[in-house]
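Laboratory data are not the source of any read-out in this text; all were calculated from the coordinates shown. Computed from a predicted structure; not experimentally measured. Note that each Cβ is placed from the backbone with ideal geometry, even for glycine, and that neighbours are counted across all protein chains shown.
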Amino acid sequence: MKIRVVVADDFPLVREGVVRALKHDPALEVVGQACNGQEALELASSLKPDVMILDLRMPDLGGLAVLEKLRTEQAAVRVIVMTASEQAGTLLDAIAAGAAGYLSKRTTGEELRQAVITAHGGGSVITPSLASHLLKEFSSSARGEQSTVRPLLGQRELDVLRLVVQGKTDNEIGAELYISPRTVQNHLTRIREKTGLRRRAELTRWAVEHAIG
């Protein structure tokens, strides 16, 4: 069975190039193309693709917002972010929001095809030139701020936050910790109050930066 792919980018030439690259592998099938974030969500809902290749900067709804919605509404879709940005912060935000892969637009067609296959199989893919950013972030976090942050949160709050980092929903967190989804939400409310952060992606990034997870 072919791997079904949706390509989402607001530049037609970029979409066409990605589609053309994917067509070189008979195991991959492009089932839809989106020119903005809202259309990407609609195609994910109607077509149920296996993998989505997503640009972060799109009109109507940005890529990070699309990632967060897909994680809660279409969790089975594996998302590979493909962007011109090579900034560490953008990479961390995408991973925090649930991306299975992060590729630079310098990526070759062969690398893109392999990334789709890897993501579909449950793996993660990061362009090698960008992976060093992630390693540096983890390294500096582990050396520096871990001891000052943990006292801020209670043990159960830390448990909940670790599972948020893993991309789990409130129901999944509750099942793993043997607590109700409402109790999970109460813990998240207290975590948000203590950290001053509101969005789930912000909490995930904060946890990564402070070596929680």
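Return the Rg/Rh ratio of the stretch 166-209 with Cα-based radii and a Kirkwood Rh.
Reported Rg/Rh, Kirkwood definition of Rh: 0.97.
Which one of 102, 70, 49 has its Cα pushed farthest toward the positive end of the charge dipole of the stretch 14-106, where Lys and Arg give +1 and Asp and Glu give -1 at the Cβ?
Of 102, 70, 49, it is 102.
Scale the Cα Rg of the stretch 68-121 by the rule-of-thumb value 2.2 N^0.38 Å and send over the ratio, two decimals.
1.14
Count charges around residue 58 for me, please; just the other residues with Cβ under 10 Å from its Cβ, Lys/Arg as +1, Asp/Glu as -1.
So the surrounding residues net to -4.
List the residues, sorted by chain then number, that are 5 or more residues from residue 125 or on another chain and whose placed amide H is less than 5 Å from its amide H.
Residues meeting the amide H criterion: 101, 102.
For the stretch 1-68, what class follows from the C-alpha gyration tensor (a ≥ b ≥ c being the square roots of its eigenvalues): rounded when a/c is under 1.5, otherwise prolate if a/b is larger than b/c, else oblate?
Taking the square roots of the gyration eigenvalues as a ≥ b ≥ c, the stretch 1-68 is oblate.
What does the charge add up to near residue 38, with Lys and Arg as +1, Asp and Glu as -1, over the other residues with Cβ less than 12 Å from its Cβ?
Charge balance in the 12 Å sphere: -3.
Which is farthest toward the positive dipole end of the chain among 181, 90, 120, measuring Cα position about the Cα centre, with Cβ charges +1 (Lys, Arg) and -1 (Asp, Glu)?
181
Can you compute the FRET efficiency between residue 1 and residue 152 using 1/(1 + (r/R0)^6), with r the Cβ-Cβ distance and R0 = 45 Å? Round to the nearest 0.05.
Between residue 1 and residue 152 the formula returns 0.40.
Please list the non-local residues whose amide H lies under 5 Å from the amide H of residue 30, H modeled 1.01 Å from N, same-chain partners needing a gap of 5 or more.
5
I need the P(r) histogram for the chain: all alpha carbon pairs, bin width 10 Å from 0 out to the longest distance, whole percents.
Per 10 Å bin, starting at zero, the Cα-Cα P(r) for the chain comes out as 8, 33, 33, 19, 6, 0 percent.
Residue separation times 0.36 nm, minus the C-alpha to C-alpha distance between residue 172 and residue 106: what's the value?
The span from residue 172 to residue 106 would gain 20.1 nm if fully extended.
Give me the extension gain from residue 27 to residue 193: residue separation times 0.36 nm, minus the current Cα-Cα distance, reported in nm with one decimal.
Taking 0.36 nm per residue and subtracting the Cα distance, the gain is 55.0 nm.
Please give the net charge around residue 27, taking every other residue with its beta carbon less than 10 angstrom from that of residue 27, where Lys and Arg add +1 and Asp and Glu add -1.
My count for the surroundings of residue 27 gives 0.
What full-extension length gain, to one decimal in nm, is calculated for residue 19 and residue 183 as 0.36 nm per residue of separation minus the Cα-Cα distance?
Extending this stretch completely gives an extra 54.6 nm.
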